[in-house]
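Please read the structure below before turning to the comments.
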């Protein structure tokens, strides 16, 4: 099997699963119980929380465990909007966000908020100048993704954070496709809120984090027993929190070497695909090497995907989160401005476990499949 | 803008006579320990201050570290240049152009330690000021400046100080001996400990532990607080004594009327504290009592409680409002630990209506009902001592810690 759909999800690392199982066996108590087993579970939970922040350089930040990046994005956007609506009702984002941001923005518009969606440029990202230009006195929040899930385009989050350091608006970054893959440190990139998802870096599904500044208040979206500093009620899933901390540590471990490996495979893949006809690359050279997006002509992406599946090669058409709808890829439409290209886009997403052999074999089968099906 | 270094100036230790050198040596040792992790930094001692040469290190984390060294009054961030008028005016221009806050009106002041320098201080100030006025938009205001840019001309080179930050003040720890701090785990006692250290005293903690009435988490709290306080100690370590208080506490609440329970308990705690303090060579006891805060902290209560011992008891937060205490707790990072909601020995048996004006006579009556002396002995002898090191929190259940490390 050649798995090139790592942006949709990754398989859990056996070491992470092992942690999850062991924690469920010996730390299953409620971390808020006052007895000894509860104490042990709490100790583990807090250690996991500290580790997540430490790994990301978050000296002034804390981590709230959630069910995934979708929940983190919902909590960040709705929570900040509700809290600061007295200051203003203006939010800035981009026109190629993930649905878990875009749909929340649409909902907020229904609640009376005004959303400016900055248009991404030819490289697929927005610029700090665009953000600067869109800021008004009533802007309370800016939300951009770190790495686009379809094109791999990288937003200049550090530059945007620096622009916003002079403004009241908070900066939220959906880093689901970036953290664990690209270097990211809150020391250099002082953003206010960050959404993370474990299953994008060999962790577990149903496991996310919202990083926020230590003293940042936020309107909770789940009310109940006041767990997670009152920001996210519900008995905390300690095993999943531990698995998150472990997966993140393993992902960051030796990151430069992993990134270099993926970068070189990305180039080989680009070079190989450049030799084929009826294929155009949508991912800018400056994009994350983990994601490569192409448009194919003369064949439906879905057909190609099924054809490759027969040879146990797995890719995706539009992002898995929106593939149930027949809509064209919004990110690719935003990037290229070309409806046909957006309709016909396919995505290959790599991981540090992808091998040169995988890529070579893929290129061979891909060329043959294209020939056969066209 | 890159600052070349930080001058740390000393405060009131300059009022001291023969001991001054000892004080400065103590500060220097502390500074070296705090800055261990920064490889490129060089520390020079001059007769009047310490010069921390940054060599490219970001000044903010350095100042954060040095803010834990009592005895430093001010941090002056400087850029240096050759002791030459052209170099001084060029550097001063670059420095004021790079100031963070636009629109700040500045004034150039000059001190000339190097008396052989060909120009006098007012002349240098005038030349530099005029040069800045001509070559930049930075507003100058000699009468009401927002910021004084200080040019200090020395023989080897000159310093241009363009930013000043307050230091922690106080006196270097160790010069005044050691105090035993009664450390309950609440907000007040760590702040009291901090203020004792600020006056140059080392501290050792004393905690009364009453399992099963108090949970291990309460003890953990005390160790975590001690870890925060240890950062200020010259050794980076703080000793915490844990008193096994259960038997005595039970005896008190069996024989003493409810309204006098806390008073008698505090009297016992003072007796035990004095015993431990004497054994440890501490000349003082300190605690977080604040006037009027709870029943045992009225003047009348303090009188009846304090009278059982002769050692001086210093109460640094006695006259502070809770808000002021909390503000310091935030600065020293103990606030969030102190507010963890676990019972300690002072909260577990709180009566509905404690006496706010206990009398000696009734105290003596209460104490005549049981053999407290033997129980006090047992507490003082049964103390367990633990050394808590800055940056290395003590976990009361190290087994679990190891288990957790392996899992994460």
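Here are a few things to note about the model shown:
- At 1.002 mPa s and 20 °C, Stokes diffusion of the protein assembly as shown via Kirkwood alpha-carbon radius, µm² per second: 70
- Candidates A:260, A:241, A:153, ranked by Gaussian network fluctuation over chain A, Cα under 10 Å, top entry: A:260
- Per-selection Rg to Rh, segment B:137-287 - Cα, Kirkwood hydrodynamic radius: 1.24
- Extending 7 Å from Cα along the Cβ direction at residue B:176 and again at residue A:188 yields two label points whose distance is 4.6 nm.
- Cα→Cβ-extended label distance, 7 Å offset, between residue B:401 and residue B:116, nm: 5.8
- Neighbour-count order for A:187, B:128, fewest beta carbons within 10 angstrom listed first: A:187, B:128
- Antiparallel DSSP beta bridges within segment B:5-166, as percent of all bridges there, nearest 5: 75
- Beta bridges by DSSP in segment A:14-252, antiparallel share as percent, to the nearest 5: 40
- Remark: mean inter-chain Cβ contacts per residue of A:42-48 equal 4, using a 10 Å Cβ-Cβ cutoff to other protein chain atoms.
- Extension gain, residue A:35-residue A:310: 0.36 nm per intervening residue step, less the Cα-Cα distance, totals 93.5 nm.
- Crossing angle, helix A:301-310 versus chain A [Cα axis fit, 0-90 degrees, rounded to tens]: 90
- Put simply, the C-alpha atoms of segment B:5-166 give a gyration tensor, and the ellipsoid matching it has half-axes of 29, 18, 15 Å, longest first.
- Debye equation applied to the C-alpha atoms of segment A:53-195, log10 I(q)/I(0) at 0.21 Å⁻¹: -1.46
- Across all C-alpha atoms in segment A:176-243, the radius of gyration and Dmax reach 13.2, 36 Å.
- Taking chain B and dividing mean pair separation by its residue count, relative contact order in percent (alpha carbons under 8 Å, at least six apart): 16
- Anisotropy class of segment A:99-174 from Cα gyration tensor, a/c 1.5 cut: oblate
- Gaussian network model of chain B, Cα within-10 Å springs - most flexible of B:139, B:316, B:168: B:139
- Taking 17 Å as the cut-off, the amide N atoms of segment A:242-280 that come nearer than this to a point 7 Å along the Cα-to-beta-carbon line of residue A:371 belong to A:272-279.
- In whole angstrom, chain A maps to an equivalent ellipsoid with semi-axes of 34, 27, 17, each derived as √(5λ) from the alpha carbon gyration tensor and ordered largest first.
- When Rg and Dmax are taken over the Cα atoms of segment B:178-405, they come to 16.8, 56 Å.
- For the pair residue A:9 and residue A:281 in one chain, pulling the backbone fully straight at 0.36 nm per residue adds 95.7 nm over the alpha carbon distance.
- Helix B:188-198 axis, angle to chain B major axis (alpha carbon atoms, nearest 10°): 50
- Cα gyration tensor shape for chain B, rounded if a/c is under 1.5, else prolate or oblate: prolate
- Prolate/oblate/rounded call for segment A:13-53, Cα gyration tensor, a/c under 1.5 rounded: oblate
- Percent of C-alpha pairs per 10 Å bin in segment A:1-74, short distances first: 15, 34, 38, 11, 2.
- Model label zone, residue B:360; criterion: amide N under 19 Å from point 7 Å along Cα-to-beta-carbon; scope segment B:298-335: B:298-313
- DSSP-defined beta bridges in the protein assembly as shown - what % are antiparallel, rounded to 5: 55
- Helix A:356-373 and the longest principal axis of the C-alpha atoms of chain A enclose an angle of approximately 60°.
- Diffusion of segment B:242-283 by Stokes-Einstein, at 10 °C in a medium of 1.306 mPa s and with Rh set to the Kirkwood radius over alpha-carbon pairs, works out to 143 µm²/s.
- Site pair residue B:258 and residue B:280 shows an inter-label distance of 3.5 nm when each label is modelled 7 Å from Cα along Cα→Cβ.
Rule-based calculations on the coordinates, nothing more; no lab input. None of these values were measured; they are calculated from a predicted model. Neighbour counts are summed over all protein chains in view; Cβ atoms, including those assigned to glycine, are modelled from backbone coordinates with ideal geometry.
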